[in-house]
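Colleague: Got a structure for you, written out below as structure tokens; questions coming shortly.
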Amino acid sequence: MKFQSPKGVSEYFPPRSHAFEFVRDQLLAPIKNAGYQLLELPIFEDTELFTRGVGESTDVVSKEMYTFEDRGGRSITLRPEGTVGALRSVIEHGLDRAGLPVKVFYCGSFFRAERPQAGRYRQFYSVGIEAIGSDDPALDAEVIALAYEGFYGIGLRKFRLEVTSLGDAQSRKAHRVDLVAYINSLNLDEATKARAQINPLRLFDDKRPDVAAMMAKAPRLLDYLSTESADHFAKVQEYLSAMGIAFTINPLMVRGLDYYTGTTFEFVHEDLGAQSGIGGGGRYDGLMESIGGQNISGIGFGLGIDRALLAAEAEGVVSSTDFAPTLYLIPLGQSAKAVAMKLAHELRDRDISVEVAMGDKALKNAMKSADKSGALFSLVLGESELESGNVELKEMSTGVATSVTLSALVPTLITRTLKK
Ligand code: HAM
């Protein structure tokens with residue numbers, strides 16, 4: 001019996017997993033520098049949290065959730081996104097009672113039963129942040145900037161930032177009246193009309209050419225912003241410009257989740273084809289309250305690690321190379337092995353990476369493994385070395401060996417690797 005991974009999941013193994021790790025860590029670095037703190041959350045939650053929080057008109061909730069009954073008869077769903085789970089945790093543990101804004105980040109796997117294709121997986125990886133409890137437009141700009149810095153830190157250059165504002169309740173109410181009237185005047189099928197009833201904005205995201213053509217002429221929310229919303233959006237733009245972050249305004253942007261209000265944004269990469277969204281997010285005014293929290297706003301983003309990695313590979317800014325130790329240690333014989341194990345332990349404690357040849361290979365085979373490992377140095381430890389206390393430290397790139405006393409090995413490796 002030969003097993004395979006389930007259909008449509010992304011999976012990272014060496015050497016590519018090193019590039020994955022690099023991309024993830026680069027996305028996390030600016031977030032940690034800005035004072036966001038880790039939330040480590042369950043990957044499954046009560047189904048109702050998502051139906052309420054993410055919205056029933058979305059594909060994510062209506063078609064893509066992995067939902068099952070657990071052994072206690074509860075309806076459980078594998079998290080399709082991170083925001084509502086993060087907010088649930090903030091509310092449950094009262095993090096929003098200890099000073100606002102609450103600034104948290106999370107990182108891990110998410111699940112959507114989508115049709116798999118390049119860059120679209122059923123289990124994917126994402127880095128997210130949420131900043132909860134401040135309406136300051138500078139916070140919007142900070143959140144956007146942190147995503148930008150993360151992508152930039154990976155080395156990505158061929159991406160653009162699109163922003164828009166979905167306004168406050170007053171703006172959306174005024175727009176909705178005209179939008180619904182416009183949609184009612186169109187000749188649409190029943191299913192589309194039903195979708196529009198739950199959230200008319202969703203029709204802007206309809207990919208069918210005839211619907212898209214009709215929606216191109218529909219009233220746009222950006223033209224209905226209240227003075228407050230327009231001011232807020234103008235300030236966000238001012239701060240982004242002050243930080244030197246280029247953006248375009250996309251009044252037709254529709255996010256795949258229903259909770260967005262106000263500032264909304266997406267990062268799009270040029271080289272990724274259909275699945276070009278490498279990250280996105282925005283404000284959510286009523287979301288905290290809708291899942292049982294205080295009536296405070298928040299803003300956050302989700303960045304796709306899988307897609308950022310594909311983008312980095314397309315731009316040629318990451319390479320997938322295997323782990324290469326500083327030292328490859330070859331013990332010959334039983335007493336040498338114990339000394340080698342002790343030595344490796346000591347060196348690793350000093351932050352020097354070491355691999356020890358396992359399985360009592362003959363010297364020739366062990367040297368081949370040393371070559372393959374990509375190590376900077378190799379060292380053979382046999383009976384004679386143990387007796388004399390002298391070892392030959394071989395530099396793998398040149399083949400030059402230097403005689404070193406065992407006791408001087410640690411400081412020698414430290415100085416020689418520092419020079420590299
Ligand atoms: P999202 O745009 O649905 O936002 O997902 C965030 C990112 O995850 C996307 O930009 C994309 O790069 C990646 N992604 C989404 N679905 C897939 C998939 N099937 N395969 C591979 N990558 C995927 C959210 O999830 C919001 N929670 C973001 C947020 C946080 N908004 C406010 N706070």
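Colleague: What trypsin sites (Lys or Arg not before Pro) does region 316-394 have in DSSP loop regions with at most 16 other beta carbons within 10 Å?
Modeller: On the way: sites: LYS337, LYS342, ARG348, ARG350, LYS361, LYS364, LYS368, LYS372, LYS394; in loops: ARG350, LYS361.
Hits after loop and neighbour filter: ARG350, LYS361.
Colleague: Still on this structure: Taking Cα pairs under 8 Å and at least six residues apart, what relative contact order does region 14-107 come out at, in percent? Mind dumping the intermediate values first?
Modeller: Details: 74 pairs, mean separation 32.2, N = 94.
Rounded, it is 34 percent for region 14-107.
Colleague: Given an 8 Å cut-off on Cα distances and at least 6 residues of separation, report the relative contact order of region 327-418 as a percent.
Modeller: Reported as a whole number, the value is 29 percent.
Colleague: Also: Find, among the trypsin sites (Lys or Arg not before Pro) in region 1-60, those assigned to loop by DSSP (not H, G, I, E, B) with at most 10 other beta-carbon atoms within 10 angstrom. Display every interim value, and only then the final one.
Modeller: Working: sites: LYS2, LYS7, ARG16, ARG24, LYS32, ARG52; in loops: LYS2, LYS7.
Counting only loop positions with at most 10 other Cβ atoms within 10 Å, the trypsin sites (Lys or Arg not before Pro) in region 1-60 are LYS2, LYS7.
Colleague: So how far apart, in nm, are the two label points at THR405 and ASP351 if each is 7 Å from Cα heading toward Cβ?
Modeller: According to this spin-label approximation, the distance is 2.7 nm.
Colleague: Now, a different point. Please find, in a Gaussian network model of the chain (springs between Cα atoms separated by less than 10 Å), the residue of SER75, SER165, SER89 whose mean-square fluctuation is greatest.
Modeller: SER75
Colleague: Which value in Å does the Kirkwood hydrodynamic radius of the chain take, with 1/r averaged over all unlike C-alpha pairs and then inverted?
Modeller: For the chain, the Kirkwood estimate is 24.8 Å.
Colleague: I want to check the label-to-label distance for LYS364 and GLU228. Put each point 7 Å from Cα in the C-beta direction and report it in nm to one decimal.
Modeller: Modelled inter-label distance: 8.2 nm.
Colleague: Would you calculate, for the chain, the mean residue ellipticity at 222 nm contributed by helices, counting each DSSP H stretch of 4 or more residues as -39,500 (n - 2.57) and dividing by all residues, to the nearest 500?
Modeller: -12000 deg cm²/dmol, from helical runs alone.
Colleague: If you don't mind, there's one more thing I want to ask. With springs only between Cα atoms under 10 Å apart, run a GNM on the chain and tell me which of GLY359, GLY128, GLY85 wobbles the most.
Modeller: The residue that fluctuates most here is GLY359.
Colleague: Right, another one. Using alpha-carbon pairs under 8 Å, 6+ residues apart, how would you state the relative contact order of the chain in percent?
Modeller: With pairs under 8 Å counted, the relative contact order is 17 percent.
Colleague: Of all GluC sites (Glu not before Pro) in region 44-146, which ones are in loop regions per DSSP and have a Cβ with at most 14 other Cβ atoms within 10 Å?
Modeller: The qualifying sites are GLU56.
Colleague: Work out the FRET efficiency for SER62 and ARG97 from their Cβ-Cβ distance, taking R0 = 45 Å, and round it to the nearest 0.05. Walk me through the numbers on the way to the answer.
Modeller: Working: r = 35 Å, r/R0 = 0.77.
It comes out at approximately 0.85.
Colleague: Once you've got the GNM for the chain with C-alpha springs shorter than 10 Å, pick whichever of PHE111, PHE22, PHE68 has the biggest mean-square fluctuation.
Modeller: PHE68
Colleague: Quote the FRET efficiency, to the nearest 0.05, computed for ASN295 versus ASP189 with a Förster distance R0 of 41 Å and r equal to the Cβ-Cβ distance. Mind showing how you got there, number by number?
Modeller: Numbers: r = 38 Å, r/R0 = 0.91.
Plugging the Cβ-Cβ distance into 1/(1 + (r/R0)^6) gives 0.65.
Colleague: Take the Cα atoms of region 260-317, build their convex hull, and give its volume per residue in Å³.
Modeller: Output value, Cα hull per residue: 92 Å³.
Colleague: Find how much the distance from ALA29 to TYR152 grows on full extension, using 0.36 nm per residue of separation minus their present alpha carbon separation; answer in nm with one decimal.
Modeller: 43.1 nm
Colleague: What's the extension gain from ARG208 to ASP322 if we count 0.36 nm per residue and subtract their Cα-Cα distance?
Modeller: Numbers: separation 114, 0.36 × 114 = 41.04 nm, distance 4.48 nm.
So the chain would gain 36.6 nm between ARG208 and ASP322.
Colleague: Can you bin region 327-418 into rounded, prolate or oblate? Criterion: square roots of the alpha carbon gyration tensor eigenvalues sorted a ≥ b ≥ c, rounded for a/c under 1.5, prolate for a/b above b/c, oblate for the rest.
Modeller: Verdict is rounded for region 327-418.
Colleague: Taking 0.36 nm per intervening residue step and subtracting the Cα-Cα distance, what contour gain separates ASP46 from PHE3 on full extension?
Modeller: Extra length from ASP46 to PHE3 when fully extended: 12.4 nm.
Coordinate-derived values only; no laboratory data. Small disclaimer: the values here were computed from a predicted structure and weren't measured. Heads up, the Cβs are rebuilt from the backbone with ideal geometry, glycines too, and the neighbour counts pull from every protein chain shown.
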